[in-house]
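These notes are about the structure you will find just below.
The values are calculated or read from the model by the stated rules, or taken from the named source; none is laboratory data. All values reported here derive from a predicted model rather than from experimental measurement. Positions of Cβ are generated from backbone atoms using ideal geometry, with glycine treated the same way; all protein chains shown enter the neighbour counts. The area values use the complete protein model at the heavy-atom level, side chains included, leaving out ligands, DNA and RNA. Shrake-Rupley method; radii C 1.70, N 1.55, O 1.52, S 1.80 Å.
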There are 2 protein chains.
Amino acid sequence: MSSTTAGAATVELDPRRTQILRAALEVIAERGYGETRIADVAERVGVSPALVMYYFKTKDRLLAEAIRHAEDLWYADGTRVMEAIPTASGRLEALVRITCLSDEEVGPSDSWALWIDLWCQALRRPAVAAVREEFDAHWRETIRAVVHDGQAAGEFEPMDADEVAVALSALLDGLSIQIALHDPAVTEERAFATAMRFASRLLGFAWEPPEQVRRHRA
Amino acid sequence: MSSTTAGAATVELDPRRTQILRAALEVIAERGYGETRIADVAERVGVSPALVMYYFKTKDRLLAEAIRHAEDLWYADGTRVMEAIPTASGRLEALVRITCLSDEEVGPSDSWALWIDLWCQALRRPAVAAVREEFDAHWRETIRAVVHDGQAAGEFEPMDADEVAVALSALLDGLSIQIALHDPAVTEERAFATAMRFASRLLGFAWEPPEQVRRHRA
DNA sequence: ACTGACTGACTGACTGTTCAGTATAGGGGA
DNA sequence: TCCCCTATACTGAACAGTCAGTCAGTCAGT
């Protein structure tokens, strides 16, 4: 479906440019969007702040492009992982795993912080809001497609796939917030189990929690 | 009790102090936590910036107290509304309604933005993180209690109430993000219906989406 | 020599915080 | 009553630090 997504991502091949974008992403993840200074980004690359301005006209443009770059990276990884999984329930579990567990091969370990910052900045910055809406729409469409495939294959019960996509993406967003904030009541494993239990119950497929987090069921 | 908390108690009763706190909350909701200037708060109250520093030693302390103040206000309203509802399913619906629909009598209309900012700042500010964790723990406990009551009364099916609390609070958080960001795919009414459908299916109680979601309480 | 990558040094704006000082209210004494 | 004294609320102005953005100019490759 989305085999030609490389176009937009490879528009900028300038290595210095992508180097700066990557550095900006690191700084944003560490210090936060609002606390990111051009000097920090420049120092991380090992160049002068003026060079950052040379490549990106303003700070706003740098940060906006960095956010979009993060989205591209995240989805490139995500689709690569997803394509290798044959069953719909397996792909659904992969989606939940990517969202809840930090040791997956998708995105940086602190990508949750980036998400929260994305939402926060999207509140008031139209450029960020556009990226966010695109990102979420794409994410929901991914879930919807998996649900649809599973229903067509008889793995899932028939029900409104859009509805499931909205509910499940919201659930995952909410859980990722608790994980990002290290809430003691919501560990990564618990979030994973909660989301999977939820999805399996909703879609009517069998799923058993792994050994270490298995608990009694009614 | 007076020896250690007398200062704090009198502090909260100072009208000028609460006036500044309220103004700070308004500015935070409008401009965002990171973009809030003490000059803005002072101007809204009609005093000099120096007076704000006179009451709150630093900007950080002002903002931290403002956030805590918001939490207090929100829960005061929330518990008042909840107490008047007899059935557990009714209280659960009220919880969802408070979260999803903007015209309820709980909190300011833009309290979602405040929540997102709360999460964002909690990522890196320990003082805010403490308020956030308290807030969420209280919120989950509220849900858990309602679920437990409903199960005891036979309204809900038996299942782990903690599990339901984690899942439902996460779902509501995720939906509130989409609402706050005005995502075209998730209107307030749709979020409300999604959450209620989810909860009723999970807990096994009957719920029908209203023909037209009632708004503006008569 | 021309172009593009790159830099050091500067500026200009913003803003949290301080501080010296003003005004007002109240209390106590004569 | 009048005056003095003190504490409290409050302000205008300035200070000090931070940073995005600019610019003239250097350096390397062609």
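Of all the residues that make up the range B:54-89, how many are within 16 Å of DNA strand C (Cβ to nearest atom) and of a type in the set (Phe, Trp, Tyr)?
Total satisfying the criteria: 3.
Listed here are the residues, each with its yes/no results for (1) among the small types (Gly, Ala, Ser); (2) closer than 18 Å to A:PHE135 by Cα.
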residue: A:PRO15; (1), (2): no, no
residue: A:VAL27; (1), (2): no, no
residue: A:ASP40; (1), (2): no, no
residue: A:VAL45; (1), (2): no, no
residue: A:ALA50; (1), (2): yes, no
residue: A:PHE56; (1), (2): no, no
residue: A:GLU71; (1), (2): no, yes
residue: A:TRP74; (1), (2): no, yes
residue: A:ILE98; (1), (2): no, yes
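Condition first: surrounded by 15 or more Cβ atoms within 10 Å (Cβ to Cβ), under 17 Å from A:GLN178 (Cα atoms) and in contact (Cβ under 8 Å) with a residue 40 or more places away in the chain. Now tell me which residues in the range A:78-104 satisfy that.
Residues satisfying the conditions are A:VAL96, A:ARG97, A:THR99, A:CYS100.
Residues of the range A:3-28 being under 17 Å from the mean Cα position of the chain (by Cα), modelled with pLDDT under 95 and open to solvent by less than 60 Å² (accessible area, probe 1.4 Å), which ones?
Scanning the range A:3-28 gives a single hit, A:ALA9.
If B:MET53 satisfies all but one of (1) within 14 Å of chain A (Cβ to nearest Cβ); (2) surrounded by 14 or more Cβ atoms within 10 Å (Cβ to Cβ), what's the number of the condition it fails?
(1)
If you check A:GLU65 against the conditions, is it part of a helix (DSSP H, G or I) and away from DNA strand D (no atom under 12 Å from the Cβ)?
The answer is yes for A:GLU65.
Within the range A:32-55, is even one residue in contact with a Pro (Cβ under 7 Å, 6 or more places away or on another chain), away from DNA strand D (no atom under 13 Å from the Cβ) and assigned to a helix (DSSP H, G or I)?
There is no residue in the range A:32-55 that is in contact with a Pro (Cβ under 7 Å, 6 or more places away or on another chain), away from DNA strand D (no atom under 13 Å from the Cβ) and assigned to a helix (DSSP H, G or I).
Looking for something modelled with pLDDT of 95 or more, open to solvent by 10 Å² or more (accessible area, probe 1.4 Å) and facing another protein chain (nearest Cβ under 7 Å) - is there at least one such residue anywhere in the range A:139-158?
Yes, some residue in the range A:139-158 is modelled with pLDDT of 95 or more, open to solvent by 10 Å² or more (accessible area, probe 1.4 Å) and facing another protein chain (nearest Cβ under 7 Å).
Starting from the range B:36-53, keep only residues that are closer than 14 Å to B:GLN19 by Cα and more than 9 Å from DNA strand C (Cβ to nearest atom), then list their pairs with residues that are of a type in the set (Val, Ile, Thr) and open to solvent by less than 30 Å² (accessible area, probe 1.4 Å) whose Cβ atoms are within a distance under 7 Å, requiring at least 6 positions of separation or different chains.
Correct list of pairs: B:ARG44/B:VAL27; B:VAL45/B:ILE20.
Those residues that are more than 16 Å from DNA strand D (Cβ to nearest atom) and more than 21 Å from A:GLY32 (Cα to Cα), I need them from the range B:12-31; list them, please.
B:LEU25, B:GLU26, listed by residue number.
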